[in-house]
Amino acid sequence: MYSGGMSTSDRLIESTRELLWERGYAGTSPKAILERAGAGQGSMYHHFKGKPDLALAAIRRTAEEMRATAAGVLDGPGTPYERIEAYLRRERDVLRGCPIGRLTMDPDVIASDELRAPVDETLDWLRERLAGIVEEGKEQGQFADGLDGESIAATIVATVQGGYVLARASGSPAAFDAGVRGLLSLLSPRDGIRTS
């Protein structure tokens, strides 16, 4: 399943990331991790202290990847509105849901301060980055002065995460897309302001 050049510890982390996304913490057994990773019985304990340690490494890697993907769009070219639009419209596997957002619904992850920390940090980072872009847009006159950057950032994150839930519930990405279109129409630059 994984490339031959990938180390055993990387294969374990990648298989755990996938299983956490698919099954949650309780449904991710050491046996399933080892089978998916194509690793031997003692491999997990050779590289990690146990399932919680491996899960933490997997969650951290997922969080880092999510931040890098978001930063690639949010730090890209364009006006503040265009960068927010690019973030909202970027390609996603909507029906699978967000690998970080889904962890917030996992009681075992939420009950552990250590496992929850990378999830909280990532969502906080995303809200802060989006709030900064909204403030940048206000300074440029693209967004109304009365907009609160932190509130708009929270709304963007809530739209994305809620869109995943609605799409999964209906079995169609249409609900996600409708939420994105609605939010973008609300954020649409003020009259007379050019977006490019």
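The values are calculated or read from the model by the stated rules, or taken from the named source; none is laboratory data. Everything numeric in this text was worked out from a predicted model, so none of it was measured. Cβ sites come from the backbone with ideal geometry, for glycine too, and all protein chains shown count toward neighbours. SASA here: full protein model, heavy atoms, side chains in, ligands and nucleic acids out. Shrake-Rupley method; radii C 1.70, N 1.55, O 1.52, S 1.80 Å.
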The chain, helix-only ellipticity at 222 nm - DSSP H runs n ≥ 4, -39,500 (n - 2.57), divided by all residues, nearest 500
-21500 deg cm²/dmol
Prolate/oblate/rounded call for the chain, Cα gyration tensor, a/c under 1.5 rounded:
prolate
Nearest 10 degrees, 0 to 90: what angle lies between the long axis of helix 149-170 and the longest principal axis of the chain (Cα atoms)?
60 degrees
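Beyond 15 Å, what percent of the Cα pairs of region 91-196 remain?
For region 91-196, the share of Cα pairs beyond 15 Å comes to 68 percent.
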On the accessible surface of the chain, probed at 1.4 Å, how many percent belong to carbon and sulfur atoms?
50 percent
If you roll a 1.4 Å probe over the heavy atoms of the protein chains, what accessible area per residue do you get for the chain, in Å²?
51 Å²
I need the Debye-formula profile for region 139-182: one equal scatterer per C-alpha, no solvent, reported as log10 I(q)/I(0) at q = 0.15, 0.24, 0.32 1/Å, two decimals.
-0.46, -0.78, -1.03
For the chain, give the magnitude of the charge dipole about the Cα centre (Cβ charges: +1 Lys/Arg, -1 Asp/Glu; no others), in debye to the nearest 20.
660 debye
Of the residues 78, 107, 63, the Cα lying farthest along the dipole of region 19-156 towards its positive end, which is defined by charges on the beta carbon of Lys, Arg, Asp and Glu, belongs to 107
Using the Karplus curve 6.51 cos²θ - 1.76 cosθ + 1.60 with θ = phi - 60°, what ³J(HN,Hα) values do you get for each residue of region 27-33, in whole Hz, with x for Gly and Pro?
x, 9, 8, x, 4, 4, 4
